[in-house]
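The block underneath contains the structure these notes are about, expressed in structure tokens.
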Amino acid sequence: MPKISEIEDTPNPNAKKFILREPLTWGITRSYDNPGQAMDDPLAAALFHIKHVTNVFYIDHWITVTQDGGADWPELMRKLAEPIRAAPAASEQSARLASAAANGEFADMSPEDQERIERINGLLDEQIRPYLQSDGGDLHVLGLEGNRLTVHYQGACGSCPSSLSGTLSGIEYLVKSIEPDMEVVAV
């Protein structure tokens, strides 16, 4: 059962990042934009049962919860703490699932496109994701079609105004350093 170590503000005023002492997962990202998506995830479902919660995102030692702007943060954080503390910590099974997911996600792509995705993800891992994760969010590469890379912001970044303007432009500029004709689109 994860203990909350600290709670941090994020650049998104409607999102808080809970830092945990024990991991919830081992490298498996969980991101939900509504209660319907979270039905099979007991932690996320419990959080969505709390009024004003609009997004749940977690991985490893932290969880970001976004609200609709209508709740008082101190009161809401007390309510959120209960299901977070009651959630099971990560197990060896989640480590195996993470490995399987990482290996099979782009299996239907050509070897050349798989190599391109690996280079792009490596660059994002080094230059972009650490900063997004420190702010309570992340970036998931959804696909590559020709010279169009589709990405999805997660957690606090999902509804942050700067993610769809400045951050996206920065990501595209960085990706163009290895793929000059690349267009990056957020969905």
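Residues in the stretch 70-115 that are part of a loop (DSSP other than H, G, I, E, B), of a type outside the set (Phe, Trp, Tyr) and more than 30 Å from residue 12 (Cα to Cα) were compared, and the one that is modelled with the lowest pLDDT is 91.
Every residue, every condition in (1) on the phi > 0 side of the Ramachandran plot; (2) under 17 Å from the mean Cα position of the chain (by Cα); (3) in contact (Cβ under 8 Å) with a residue 60 or more places away in the chain; (4) not assigned by TED's automatic domain parsing to the domain that holds residue 152, yes or no:
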position	(1), (2), (3), (4)
19	no, yes, no, yes
27	yes, yes, yes, yes
35	no, yes, no, yes
48	no, yes, no, yes
57	no, yes, yes, yes
64	no, yes, yes, yes
74	no, no, no, yes
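Hey, does the stretch 43-52 have a residue that's of a type in the set (Lys, Arg) and assigned to a loop (DSSP other than H, G, I, E, B)? Within the stretch 43-52, one or more residues are of a type in the set (Lys, Arg) and assigned to a loop (DSSP other than H, G, I, E, B). Being over 17 Å from the mean Cα position of the chain (by Cα), assigned to a helix (DSSP H, G or I) and not assigned by TED's automatic domain parsing to the domain that holds residue 54 is true for just one of 126, 118, 179. Which residue is that? Result: 118 is the single residue among 126, 118, 179 that is over 17 Å from the mean Cα position of the chain (by Cα), assigned to a helix (DSSP H, G or I) and not assigned by TED's automatic domain parsing to the domain that holds residue 54.
The values are calculated or read from the model by the stated rules, or taken from the named source; none is laboratory data. Small disclaimer: the values here were computed from a predicted structure and weren't measured. Positions of Cβ are generated from backbone atoms using ideal geometry, with glycine treated the same way; all protein chains shown enter the neighbour counts.
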